[in-house]
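Here is the structure we will look at.
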Amino acid sequence: MQVEPLRLAPGADLRHAIEQLLRDQAVQAAFVLQGIGSLSVAQLRFAGSPRPSALLGDLEILTLAGSVGPDGAHLHMSVADAEGRVSGGHVAPGCIVRTTAELLLAVLPDHAFRREHDAATGYPELVIRAHREGA
């Protein structure tokens, strides 16, 4: 496992930036271990909802974690608004960094992640495969 710290600047799309970084480095499997920072917009899909909801204003990222592979990211996040109300859910594109986002990524060079349809859940679920470079 390789640990990679990452800082995103104001205006960055959180999910897009994570996915792009790993695409640029040809990473096949990684986890976002934690993230903190602030957002001006959070696009979160709440449990059971088919579409994300936009939260606007000064938002603090309390937690951020998930898996990332070539098929994209599966991230969960909780944020607090200016009154301290906390919301959480699946991270959708369009979460815009307000001042900073500080992340810790774990890259797994001996693994490959894919998302494949799971008949039991009806969703594309994580499939983990071990592999070695050059094998």
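Take E125 and tell me if it is among the charged types (D, E, K, R), open to solvent by less than 80 Å² (accessible area, probe 1.4 Å) and assigned to a strand (DSSP E or B).
Answer is yes for this residue.
Which one of the conditions (1) among the hydrophobic types (A, V, I, L, M, F, W, C); (2) at pLDDT 95 or above; (3) out of contact with any Lys or Arg (no Cβ under 9 Å at 6 or more places or on another chain) does A47 fail to meet, given that it meets all the rest?
So A47 meets the others, but not (2).
Counting only residues that are open to solvent by 10 Å² or more (accessible area, probe 1.4 Å) and under 22 Å from V127 (Cβ atoms), give me the strands (runs of 3 or more DSSP E) lying completely in segment 1-113 with at least 2 of them.
Numbers: elements: 2-8, 30-45, 53-69, 72-80, 86-91, 96-107.
So the answer is 30-45, 53-69, 72-80.
Can you name every residue in segment 1-41 that is among the charged types (D, E, K, R) and over 20 Å from H74 (Cβ atoms)?
We begin by selecting, within segment 1-41, every residue among the charged types (D, E, K, R); these are 4, 7, 13, 15, 19, 23-24.
Correct list: R7 only.
The values are calculated or read from the model by the stated rules, or taken from the named source; none is laboratory data. Everything quoted here is computed from the prediction, not taken from an experiment. A quick note on method: Cβ atoms are made from the backbone with ideal geometry, for glycine too, and the neighbour counts reach across all protein chains shown. Accessible surface areas use protein heavy atoms only, side chains included; no ligands, DNA or RNA. Shrake-Rupley method; radii C 1.70, N 1.55, O 1.52, S 1.80 Å.
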